[in-house]
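Okay, structure first, notes after.
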Amino acid sequence: MVEVSASMADRAAEEAEDSPDSAKASLSPEGSRRRYGPSRTQIQLVSQPGKAELKKVVLIIGMRGAGKTGLGFKAAKDLRCAFNDLDEAITNSQGGKLPPEIVTELGWAAFREIELNQLKKALDPATGAAVVSCGGGIIETDAGLALVEAHWPVIMIDRHVDDILEYLKHGKDQAHRASLGEHPRQTYARRLPKYLQVADFRFPVDKGEDDIESLGRIFVRFLRHIVFGGPQRKAPGSPLCLGSDTYLISPGVPHYHGLSAEVIRKLSHKADALELRLDLLESLDHGFVALQVAAMRRYTAGVPLLFTLRSVDQGGFFAGSEEEYFALLRLGVQLACELIDVESHRDKDKIAALAALPGRGMLVGSAHELAQKPNSDSNVDMQGLFRRCMLGGQASLARVMVKGKTRDDCWRLEEAAVAVLPPGMPFIAMALGVSGHLSCLLNRVLCPVAPEDPQITSYRPPPLASGVELQLPSLGVISSCRRKLGLICPKWQFPILGAAEPRDAGLVSLLHSAACEDLGIATNGCGWISACTRHEVMQVLARTSVGGVVVASDLRELVSTQILKDVDADADTIVSDAGKLRGVSTDCLAISTRLRGRGVQQLGADSVCLVSGIGHEARAAVRALRDLGVGCVLRTGLQGASEQAAAAKASVFAVTIRKKPGDDIGLEVPHGKSSNSEFATAELEAEGEADRLPPDMVSGRPPALLVGTPLSRHFADWNTTHPAKAVHAGDRIVSVEGNTDALTMAQACMDAADLTIFVERHLHELLASTITSQETLDAWVIAGQCSAPATPELEAALKRLRPLVVEAVFEPVPPAGILQCAENMGCTVVPAPELWHQQACVRMESWNDMQAPRRSIARALMKLVAELPGRKPTAWMEEEASSAPL
């Protein structure tokens with residue numbers, strides 16, 4: 001029986017004293033880095049560069065009322081592709097007639113033929129990538145069944161029939177559905193085998209789940225894994241990372257469905273992966289298994305799942321046939337589980353067929369030899385076990401468990417793995433029994449542990465079927481022991497958290513990875529992880545290997561109010577230190593540091609500086625200038641300055657946007673609450689279109705909705721064809737399809753197809769008038785992208801004032817044209833890449849409590865800048881890149 005307690009560290013240290021030199025070296029910091037360096041503990045999971053782009057058609061099938069349309073629409077929005085509802089396409093093709101009308105007039109056979117033709121059009125390669133929601137009866141005809149079965153990928157929305165019936169009973173869109181002439185439960189029973197026949201993947205919905213927002217996030221993760229993931233590639237936004245000090249929590253749960261949200265969250269707390277032991281479930285019925293996966297995903301905030309079926313001769317409880325075993329593993333692939341455990345002694349051809357399935361997760365080759373002890377006289381070939389676990393090169397991780405006899409077995413396992421496995425392939429090596437205590441400490445990648453919360457000890461794994469008892473230590477015990485022995489590796493995960501992949505994700509990941517490499521921190525954990533809720537953020541921050549995170553702009557309000565409990569924090573970075581969280585505004589620190597380097601702090605109380613722009617960059621710039629003691633900070637574009645809005649001469653004009661439903665046209669809501677009083681009434685010049693404006697537009701101002709940065713392709717297309725009515729970042733949206741409320745306008749812009757919006761331009765005129773009216777201007781911080789034109793009046797003012805111009809934009813975008821104008825007028829310009837460099841240095845010093853490797857960051861940045869249109873390395877960057885190393 002493996003019993004691991006706090007005293008384990010002391011016993012392990014004593015054993016290390018009596019072990020060979022190589023063993024002691026492995027427990028020393030130097031030996032730990034040598035043995036558990038990048039080649040041994042981290043598989044290099046390649047993420048998709050930049051924005052992931054769908055390049056195929058995804059078909060969604062399932063019963064009416066399963067949620068195909070709602071989930072498909074959300075997925076298309078996330079993947080930035082078209083969404084096609086076949087029922088809507090049928091209606092459009094028949095002059096607006098709804099399906100019941102078509103069936104009444106033409107009959108079901110004609111309707112099915114129309115439906116089939118619309119599906120063929122949707123699958124036409126010339127149509128382009130899309131998410132297509134099929135009608136529930138697409139598989140009713142042989143032709144429809146064959147067409148769907150021949151396509152990949154096809155996803156079945158597997159919602160419980162009781163929930164479907166409840167929805168159909170109370171749904172508001174039943175008038176759009178033709179009668180099937182039978183009870184929906186009969187239809188479900190008849191169609192289900194056909195759905196399962198043609199589906200490549202199965203998205204189960206937990207019984208009773210009706211939170212469409214939560215379900216949509218889970219479905220988007222599911223779809224990203226299928227389309228963009230792979231054996232050596234993690235999907236964009238996935239939290240899967242295989243590296244040092246990562247943990248696999250392996251609970252023994254007979255059923256997850258029915259457990260409370262609190263219990264499931266405690267089971268997965270601090271887990272880097274969560275194991276689902278199928279052989280411990282009450283039933284191996286495929287529908288029951290799918291329901292357990294749905295229940296786990298509902299409350300585990302995206303924690304990757306390891307799908308495991310352990311047979312009796314491998315220490316588990318599964319006694320079924322080879323066919324049953326691989327049928328269940330194929331179900332794991334269909335359920336889009338990130339990791340699939342494959343017993344390495346199984347049929348090689350069947351393993352190869354499993355490995356060849358498109359869209360599968362990573363395979364974990366496993367071998368459990370529990371009858372014999374791997375001492376020097378044993379016939380157990382430990383190297384052979386690891387070699388077998390490679391699954392012919394298809395495995396991403398090897399997992400070996402043996403019955404130990406002496407403490408040296410722990411070292412033999414480690415040495416066997418190092419000798420056989422290719423560099424970069426991680427492994428789990430466990431020796432059971434009292435003599436195998438050390439193997440619990442030596443496992444650095446996905447170390448198997450029990451749930452940490454003592455209140456749920458009843459869910460620890462049961463004894464092995466072979467009679468060997470296994471009591472896995474808790475994560476807290478293992479961490480405590482490693483700290484006592486000095487085996488804790490430096491924090492190496494510094495991910496970017498955001499609901500959507502931020503525009504600067506590639507830039508941030510590149511600079512942080514370069515810094516970590518210079519500091520000797522092996523990392524592949526600097527990429528983007530999708531997180532939308534407090535629970536999802538806290539789940540990532542709870543990981544042992546996470547030293548901090550970057551907070552994307554779409555999460556900053558949530559982090560400030562719900563995690564940091566500071567509404568004014570505006571933190572873009574979180575530092576995790578011994579369980580304590582601290583927010584840092586690195587935008588602000590980067591701006592203030594570069595301004596300080598330019599002597600701004602010496603300007604004194606009489607200095608005048610200007611901040612133009614909207615969003616968090618503008619707020620960070622204002623705070624930085626105030627921290628530096630600048631006497632007067634002027635602002636344009638920031639919400640709440642009613643006197644500045646009154647000074648602007650507004651110009652309202654109509655803009656026609658060509659788009660598809662779900663397309664994001666790039667709008668922003670300024671920070672803080674808005675009210676009518678913040679915008680003064682101004683004369684509207686609608687250029688002959690005033691009669692189309694809502695009447696209340698003349699008397700007041702609704703809450704603000706602004707054109708975001710950078711301009712979306714929709715606005716860029718408009719500007720190309722209508723240069724006289726060009727839209728600029730920061731222009732205000734005053735009406736959309738007759739609506740003036742910010743939330744309603746934003747929703748209309750997202751949901752509608754082609755639409756007309758009214759834009760009010762005043763920021764550029766206000767900016768020009770503000771600068772030209774100044775007698776002195778020491779610095780001008782351009783927050784965000786600036787599209788203000790370089791007018792002769794502005795050029796003359798810049799030449800007269802000669803302010804220090806700082807480009808405070810934290811995204812890898814081309815420089816604003818006004819910067820070149822300022823430089824030509826004799827102004828000193830601090831371009832954005834200098835702030836990117838400073839921000840990366842601030843973050844690394846906050847996370848690692850050591851001086852940042854400025855030279856390595858500068859060199860990585862120079863390579864990136866050289867590839868960006870319109871940018872080039874500055875003399876300051878070249879100086880940083882050539883400075884002496886630390």
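The values are calculated or read from the model by the stated rules, or taken from the named source; none is laboratory data. Because the structure is a prediction, the values reported are computed rather than measured. Counting neighbours? That spans all protein chains shown, and the Cβs are built from the backbone with ideal geometry, glycine included. Protein only, heavy atoms only, side chains kept; ligands, DNA and RNA dropped before computing areas. Shrake-Rupley method; radii C 1.70, N 1.55, O 1.52, S 1.80 Å.
Assorted remarks:
- Single residue of segment 792-818 satisfying the filter (under 39 Å from the mean Cα position of the chain (by Cα), aliphatic (A, V, I, L, M) and modelled with pLDDT under 90) that is surrounded by the fewest Cβ atoms within 10 Å (Cβ to Cβ): Val813
- Residue in segment 854-867 that is open to solvent by 30 Å² or more (accessible area, probe 1.4 Å), part of a loop (DSSP other than H, G, I, E, B) and either of a type in the set (S, T, N, Q) or farther than 17 Å from Arg594 by Cβ (or both) present: no
- Residue that is surrounded by the fewest Cβ atoms within 10 Å (Cβ to Cβ), among those in segment 705-740 that are of a type in the set (Asp, Glu) and in contact with a helix residue (DSSP H, G or I) (Cβ under 9 Å, 6 or more places away or on another chain): Glu737
- Residues within segment 538-570 that are among the hydrophobic types (A, V, I, L, M, F, W, C), within 22 Å of Glu811 (Cβ to Cβ) and surrounded by 22 or more Cβ atoms within 10 Å (Cβ to Cβ), tallied: 6
- No other residue among Ser283, Ser311, Ser321, Ser396 is out of contact with any Leu (no Cβ under 9 Å at 6 or more places or on another chain) and open to solvent by less than 10 Å² (accessible area, probe 1.4 Å) apart from Ser311.
- Once segment 593-621 is narrowed to residues that are assigned to a helix (DSSP H, G or I) and open to solvent by less than 10 Å² (accessible area, probe 1.4 Å), the residue that is modelled with the lowest pLDDT is Val600.
- In summary, helices (runs of 4 or more DSSP H) completely within segment 87-200 and bearing 3 or more residues that are within 17 Å of Val58 (Cα to Cα) and touching a residue at least 12 places away in the same chain (Cβ under 8 Å) occur at 108-123, 142-149, 184-198.
- The one condition in (1) open to solvent by 40 Å² or more (accessible area, probe 1.4 Å); (2) under 23 Å from Phe203 (Cβ atoms); (3) at pLDDT 90 or above; (4) in contact with a helix residue (DSSP H, G or I) (Cβ under 7 Å, 6 or more places away or on another chain) that Glu88 fails to fulfil: (4)
- When Leu267 is tested against the conditions (1) more than 23 Å from Ala235 (Cα to Cα); (2) open to solvent by less than 10 Å² (accessible area, probe 1.4 Å); (3) part of a loop (DSSP other than H, G, I, E, B); (4) of a type outside the set (D, E, K, R), the lone failure is (3).
- Segment 201-220, residues that are more than 15 Å from Pro153 (Cβ to Cβ) and assigned to a helix (DSSP H, G or I): Ile212, Glu213, Ser214, Leu215, Gly216, Arg217, Ile218
- Given (1) open to solvent by 10 Å² or more (accessible area, probe 1.4 Å); (2) modelled with pLDDT of 90 or more, index of the condition Lys207 fails: (2)
- If the condition is being touching an Asp or Glu at 6+ places or on another chain (Cβ under 7 Å), within 16 Å of Ser396 (Cα to Cα) and at pLDDT 95 or above, then segment 327-384 contributes Val364, Ser366.
- Unmet criterion (only one of (1) farther than 30 Å from Gly666 by Cβ; (2) over 32 Å from the mean Cα position of the chain (by Cα)) for Gly136: (2)
- Segment 835-853, residues that are open to solvent by less than 30 Å² (accessible area, probe 1.4 Å) and in contact with a helix residue (DSSP H, G or I) (Cβ under 7 Å, 6 or more places away or on another chain): Leu835, Trp836, His837, Gln838, Gln839, Ala840, Cys841, Val842, Arg843, Met844, Ala852, Pro853
- Residue match in segment 240-258 (condition: farther than 22 Å from Leu329 by Cα and at pLDDT 90 or above): yes
- Residue match in segment 552-570 (condition: more than 27 Å from Leu240 (Cα to Cα) and in contact (Cβ under 8 Å) with a residue 24 or more places away in the chain): yes
- Residue ranges of strands (runs of 3 or more DSSP E) in segment 461-577 with at least 1 members at negative phi and modelled with pLDDT under 85: 573-577
- Hey, Ala729 under 34 Å from the mean Cα position of the chain (by Cα) and under 14 Å from Thr656 (Cα atoms) or not: no
- Whether a residue is without any contact (Cβ under 8 Å) to a residue 60 or more places away in the chain and open to solvent by less than 10 Å² (accessible area, probe 1.4 Å) was assessed, and Tyr247 does not pass this test.
- Screening Ala66, Ala76 for residues that are assigned to a loop (DSSP other than H, G, I, E, B), open to solvent by less than 10 Å² (accessible area, probe 1.4 Å) and touching a strand residue (DSSP E or B) at 6+ places or on another chain (Cβ under 8 Å) leaves exactly one candidate, Ala66.
- Residue selected from segment 622-637 under the condition in a loop (DSSP other than H, G, I, E, B) and farther than 20 Å from Ala832 by Cα, by the criterion modelled with the lowest pLDDT: Gly631
- The set of residues in segment 868-884 that are touching a residue at least 40 places away in the same chain (Cβ under 8 Å) and either exposed (fewer than 13 other Cβ atoms within 10 Å of the Cβ) or of a type in the set (Phe, Trp, Tyr) (or both) comprises Pro869, Gly870, Trp876.
- Residue pairs whose Cβ atoms lie under 7 Å apart, separated by 6 or more positions or on different chains, with the first residue in segment 515-530 and over 20 Å from Ala881 (Cα atoms) and open to solvent by 20 Å² or more (accessible area, probe 1.4 Å) and the second of a type in the set (Phe, Trp, Tyr) and assigned to a loop (DSSP other than H, G, I, E, B), are Ala522/Trp492; Thr523/Trp492.
- Count of residues meeting criterion [small (Gly, Ala, Ser), part of a helix (DSSP H, G or I) and surrounded by 22 or more Cβ atoms within 10 Å (Cβ to Cβ)] in segment 417-447: 3
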